[in-house]
Amino acid sequence: MNPVYPKSAGALILASLLAACAAPGQRPAQAPDTSQMSSDPSALVLGAEVALQRNEFLEASRAYVRAALLSADESLAEQAARVAYEHRQWTLVQQAADHWLTLNQTNEEARRFAAFAAMHLYRIDTATEHLAVLLERAFINPQAGFLALLPQLADEAPPAAVTAVLQRVIDEDGYARMTEAHYALSQAAVQSDNYALALEHALKARELGPYWSPAGLLLARVQMLRGEADTALATARSVIEQDDQDSYRLEYALMLLQAGQEQEGRKELAMLADSETVGSMVERTLADIDFQMGNGDAATKRFTNLVSSGRFVYESLFYLGAIAESGEDWQDALQLYERVTSGELAMAAQMRAARLKAQHQGLDAAVSHLEEFVTTRPQYRIDAIAAQATLRANNGDVAGGLAILDSALQEYPDSIELRFAQVFQLEEAGKVNDTIALLRRIVADRPGDPTAQNALGYTLVDRTRQHKEGLALIESALAQTPDNGAVLDSMGWALYRVGRHREALDYLEHASQRISDPEVDLHLGEVLLALDRKQEAREVWLKASERYPDNAELKQRLQKLD
């Protein structure tokens, strides 16, 4: 489901009327005070449209929802839900969608809005109820529903929430014998870092659909994630033997590379280089291999060719920017990053561009860059706000960063991204009590959310003596995301803090295999020291210092160790 929806015909007419009333170059009129018009839907809609022109998204969403709740007009309820969804006002989306469903219980789009808003708010019971109805009513059959909803769920909802909802739907609604149901749950479990759950349901999908190639390839991918390389390759080969498509052969080649069989993997890629269906993906794969191995010239040539061919353009521009930045050509890097205006890497590219501007042109230039980027791209606005706050904090203005977040949360009260950004900055500022208080509110608002549980649990074990409570929270998070590197690190550190050093080592070594993070390396070294393995601790910190030369804490620990 695309989060940006077109306006209804009535809203477009109203917007045109408003635009015609404003003289060219003049700022739109001040949005009317909607609280004084709560009994007049037409006036509320007028105020909402003016608020949208002024980028006052929360006020616009509130006004539209108020108008919808005062009306029996289904199109108005639809517009209210769309505006609120586009601007990530999840509570208001829920209110509008619920009202829409009271007007028309069979409306599938209203049900989608309600389901996705509930997942963003981590209201698992509500999301489960709506998704179950969608699967039964909105598609030709539930099998088609699982396959149609899966990419939307993957793109738009928190992975842990999706996994929890799909588990309940399958358990409660009799889909235990449906291949597509287990396939969808396995995919979600991969995204939420629960590989055991992913394997369980990938095996079930393969058992129920032994000749359905996507199920076989998913099983192979999960087996590879679990470190079962030989089994994964055998599974992938069995799929190709029964369904020899170039796209499946490409997946097999990628698995060979992941398993360390580079010669065989490159041979498979060479055979696919001229394929009409996957040829450009082969070039993209080879470019990525060159990039990861540090072959800058070869990677530059391949990524440039991809840009010229019109394939993977934004992705290629991002990596060309990264190559230029690693070569300390910041001006070329900046120009390349600025061209990445869409796609999954758009915000990452603009954040890198802002960081370069902060370093070479000053903080104001960096902030202005982010503000200009999101002027016509409201879908990136929350990320840009968080990035601005981080830039200020990193430049010594922690109070300024917190002020930005405080102001933004008045506009986006449902944004978990901004709330976690606030947590991070409070912690950096040393405001431990404020950090814990905020995290407790988040955990209360989002019961069962493993990210919230892990954040509070880690803070308690790291910054207080409330180790027992912190460990229990981390254990709950780990039960849902047992392969998440950050949660594994938290578990290892919690066990270290309560004196269970040998157990801690297992978790931290597992975490270091999952993610690359100096915090994990610092924790791993401390546990090795506690186990009287000083030389191994030194080696961990030395290697980490090479990867993160600007990390002051690693330098301090090495100096103290020596």
For segment 81-128 and segment 386-418, what is the separation of their C-alpha centers, rounded to whole Å? 27
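Computed over the Cα atoms of segment 444-545, what is the ratio Rg over Rh, Rh following Kirkwood?
Reported Rg/Rh (Cα atoms, Kirkwood Rh): 0.98.
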Modelled label-to-label distance, Ala196 and Gln105, 7 Å Cα→beta-carbon offset: nm? 4.2
Probe of 1.4 angstrom, ligands and nucleic acids ignored: what's the accessible area per residue over segment 155-225, in square angstrom? 37
At 1.4 Å probe radius, can you tell me the per residue accessible area of segment 358-399 in Å²? 49
Scan the chain and report its longest stretch carrying no GluC sites (Glu not before Pro) that are both in a DSSP loop and have at most 16 other Cβ atoms within 10 Å. 1-227
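Can you give me the relative contact order of the chain as a percent, contacts being Cα pairs under 8 Å and 6 or more apart?
Details: 749 pairs, mean separation 36.9, N = 562.
Result for the chain is 7 percent.
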Label-point separation in nm, Phe139 to Ser309, each point 7 Å along Cα→Cβ: 3.3
With no solvent and one equal point scatterer placed on each C-alpha of the chain, evaluate the Debye formula and give log10 I(q)/I(0) for q = 0.06, 0.07, 0.09, 0.12 Å⁻¹, two decimals. -0.36, -0.49, -0.85, -1.54
Suppose we keep just the alpha-carbon trace of segment 286-417; what are its Rg and Dmax in angstrom? 16.1, 48
For a Förster distance of 60 Å, can you work out the FRET efficiency between the beta-carbons of Ala365 and Ala530, rounded to the nearest 0.05? 0.85
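Quick check: convex hull over the Cα atoms of segment 323-389, volume per residue in Å³, rounded to an integer?
Numbers: hull volume 5.1 nm³, N = 67.
Per-residue hull volume (Cα only) is 77 Å³.
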Work from the charge dipole of the chain (Cβ charges, +1 for Lys and Arg, -1 for Asp and Glu, about the Cα centre) and give the residue of Ala387, Thr341, Thr128 farthest towards its positive end. Ala387
Which value in nm describes the separation of the simple spin-label points at Asp506 and Glu228, placed 7 Å from the Cα toward the beta carbon? 2.0
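Based on the Kirkwood radius over alpha-carbon pairs, what is the Stokes-Einstein translational diffusion coefficient of segment 200-311 at 4 °C with 1.567 mPa s viscosity, in µm²/s? Kindly include the intermediate steps, with their values, before the conclusion.
On the way: Rh = 14.8 Å.
For the chosen part, D equals 88 µm²/s.
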Out of the total accessible area of the chain (probe 1.4 Å, heavy atoms of protein only), what percent is carbon and sulfur? 48
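Taking 0.36 nm per residue of sequence separation and subtracting the Cα-Cα distance, how much length would be gained by fully extending the chain between Asp462 and Ala552, in nm to one decimal? Could the numbers behind the result be given before it?
Details: separation 90, 0.36 × 90 = 32.40 nm, distance 1.89 nm.
Value of the extension gain: 30.5 nm.
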Would you mind checking which residues have amide H under 5 Å from Phe312's amide H? H placed 1.01 Å from N; only 5 or more apart, or other chain. none
For segment 207-301, averaging the sequence separation of alpha carbon pairs under 8 Å that lie six or more residues apart and dividing by its residue count, the contact order in percent is 17
Given 0.36 nm per residue, what is the gain on full extension from Ser75 to Leu203 after removing their alpha carbon distance, in nm? 41.6 nm
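The values are calculated or read from the model by the stated rules, or taken from the named source; none is laboratory data. Being a predicted model, the structure only gives us computed values, none of them experimental. Because the Cβ atoms are built from the backbone with ideal geometry, glycine has one as well, and the counts that use them run over all protein chains shown. Just so you know, the surface numbers come from the protein's heavy atoms only, side chains and all, with ligands and any DNA or RNA stripped out. Shrake-Rupley method; radii C 1.70, N 1.55, O 1.52, S 1.80 Å.
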